[in-house]
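Notes follow once the structure below has been shown.
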Amino acid sequence: MSFWLEQQEEKKRYLVTHIKRTQDKYQIRDVQVSHLLTLSEELLLDNFIEYFETLPSNYKKSFKSAWRQREHKLKNANEDKATRTVELSSVAYTSLQVLLELYKKHDSKFNYSIMSKQEQTEYILEKSCDSILSEGIKKKALLSNA
């Protein structure tokens, strides 16, 4: 029962999709699925949770495991949004290195020796994108004033 204390609505929705997807595998009858769907439409979850507890134990274990896997994947996906790995061809890598060297010469005020190679790349790409965007905005403003 403690499983249902948090994220009840999300778990309910996930249970509905999970049971539809796996009912044959766990030999859950159409009548049981239909009753669960009816209970899922009620505002109070008490009957829904009680009915879930009557389902076969192998299905309950499977659902709880699937829920934990889903939560783990979502957590990892949110953490991975901060860092992404991109594979570059040798030509793209060389081009990126040339751009980085050009920017380093352009921005002589900044001390790159205190940064790692990755931090340098991220900093330079961010600044380059910012300057490209600001130039584009200036051009649009000049064109609209003309």
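Side notes on the structure shown:
- Peptides 88-96, 38-46 ordered by average Cβ neighbours within 10 Å, highest first: 38-46, 88-96
- Only protein heavy atoms count here; on that basis, with a 1.4 Å probe, Arg29 has an accessible area of about 150 Å².
- Solvent exposure, largest accessible area first (probe 1.4 Å, DNA, RNA and ligands not counted), of Lys104, Lys12, Lys73: Lys73, Lys104, Lys12
- Here the extension length gained between His106 and Arg70 equals 8.3 nm, from 0.36 nm per residue of separation less the Cα-Cα distance.
- Across Glu9, Glu50, the residue with the most accessible area heads the list, and the full order at a 1.4 Å probe is Glu50, Glu9.
- Helix runs (DSSP H) in the chain reaching 18 Å along axis by Cα, Kyte-Doolittle at least 1.6: none
- Cα centre as origin, Lys/Arg/Asp/Glu Cβ charges: the chain dipole, Debye: 400
- Under 11 Å from the Glu10 label point (7 Å along Cα→beta-carbon), backbone N, the stretch 49-71: 68, 70-71
- A crude spin-label estimate for the pair Gln27 and Thr121, with each label 7 Å from Cα along the Cβ direction, gives 5.5 nm.
The values are calculated or read from the model by the stated rules, or taken from the named source; none is laboratory data. Quantities reported herein were computed from a predicted structural model and do not represent experimental measurements. Cβ: placed from backbone, ideal geometry, glycine included. Neighbour counts: every protein chain shown. These area figures cover heavy atoms from the full protein model, side chains too; ligands, DNA and RNA do not enter into them. Shrake-Rupley method; radii C 1.70, N 1.55, O 1.52, S 1.80 Å.
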